[in-house]
Amino acid sequence: MSITRKQEIINTAALLFKEKGFNAVSMRDLAQEMGIKAASIYNHLPSKQSILGAIIFEVSVEFTTHINAVIDDSLPILQKLEAIITMHIDLTLKKSEFLACMNNDWVHLNDVDKKQYIKMRNAYEEKFRSLLLQGIQEKALKPIDLEIMLFSILSTLRTFYLWYAKHQMLDFEKVKGDLCTTLLTGIRS
């Protein structure tokens, strides 16, 4: 399946933004990396901020779509949480540069996109929080502070791409299983 020129621009920009940071990459740098003229990028995307928005919203929409499907599923609560955690891990493997942009560069979005992203992020966190609360209420999870639980899981998942970049020699399926087990059941024997 071939990708569109627009998607190629987005993918290349995500890699450059991850490597150098949003502010350090110019449209000329992006064009040079792609072997095209900077003016041709503007035929597909109007600005560097619009490229950043496309990167961030691509993964934000994936996360939102997935958590909505999981919430509506009839799975037991622990399987729902496992599905969400493994989706984060899988997306990290496929799009680590997109997650790096989402985590590090979202502050550079234009005002409209920034508000939309924050709204999506807050809604996602609220849905995740409600699933954790359900797990506590059903006694599938320990009755520890809900905010600490949410913070621990999401901060681990949001920075997983940094850790995994240094540990790619490990078996990915084992890492996914062990991380899921650690986040949901802890490390106590």
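The values are calculated or read from the model by the stated rules, or taken from the named source; none is laboratory data. All values derive from a computational prediction rather than experimental measurement. Neighbour counts run over all protein chains shown; Cβ positions are idealised from the backbone, glycine included. Heads up: the accessible areas ignore ligands, DNA and RNA and are worked out on the full protein's heavy atoms, side chains in. Shrake-Rupley method; radii C 1.70, N 1.55, O 1.52, S 1.80 Å.
Values computed for the structure shown
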quantity: Lone qualifier among Ile41, Ile36, Ile71 - being surrounded by fewer than 17 Cβ atoms within 10 Å (Cβ to Cβ), over 15 Å from the mean Cα position of the chain (by Cα) and at pLDDT below 95; calculated: Ile36
quantity: Output for the range 36-83, where each listed residue is β-branched (Val, Ile, Thr), touching a residue at least 24 places away in the same chain (Cβ under 8 Å) and either more than 24 Å from Lys95 (Cα to Cα) or not in a helix (DSSP H, G or I) (or both); calculated: Ile77
quantity: Failed item, numbered, when Lys18 is tested on (1) crowded, with 19+ Cβ neighbours inside 10 Å; (2) among the charged types (D, E, K, R); (3) more than 30 Å from Glu126 (Cα to Cα); calculated: (3)
quantity: Subset of the range 163-189 (residues that are farther than 24 Å from Ile144 by Cα, assigned to a helix (DSSP H, G or I) and touching a helix residue (DSSP H, G or I) at 6+ places or on another chain (Cβ under 8 Å)); calculated: Tyr164, Ala165, Phe172, Val175
quantity: So Leu91, is it part of a helix (DSSP H, G or I), aliphatic (A, V, I, L, M) and closer than 26 Å to His167 by Cβ; calculated: yes
quantity: Residue within the range 136-150 that is out of contact with any helix residue (DSSP H, G or I) (no Cβ under 7 Å at 6 or more places or on another chain), in a helix (DSSP H, G or I), at pLDDT 95 or above and more than 15 Å from Leu81 (Cβ to Cβ) present; calculated: yes
quantity: In the range 96-111, the residues that are open to solvent by 40 Å² or more (accessible area, probe 1.4 Å) and in contact with a helix residue (DSSP H, G or I) (Cβ under 9 Å, 6 or more places away or on another chain); calculated: Asn103, Asn104, Trp106, Val107, His108, Asn110
quantity: Pairs where the first residue, in the range 177-188, is under 15 Å from Ile84 (Cα atoms) and the second is of a type outside the set (A, V, I, L, M, F, W, C) and open to solvent by 70 Å² or more (accessible area, probe 1.4 Å), C-beta under 7 Å, 6+ apart; calculated: Cys180/Glu82; Leu184/Glu82
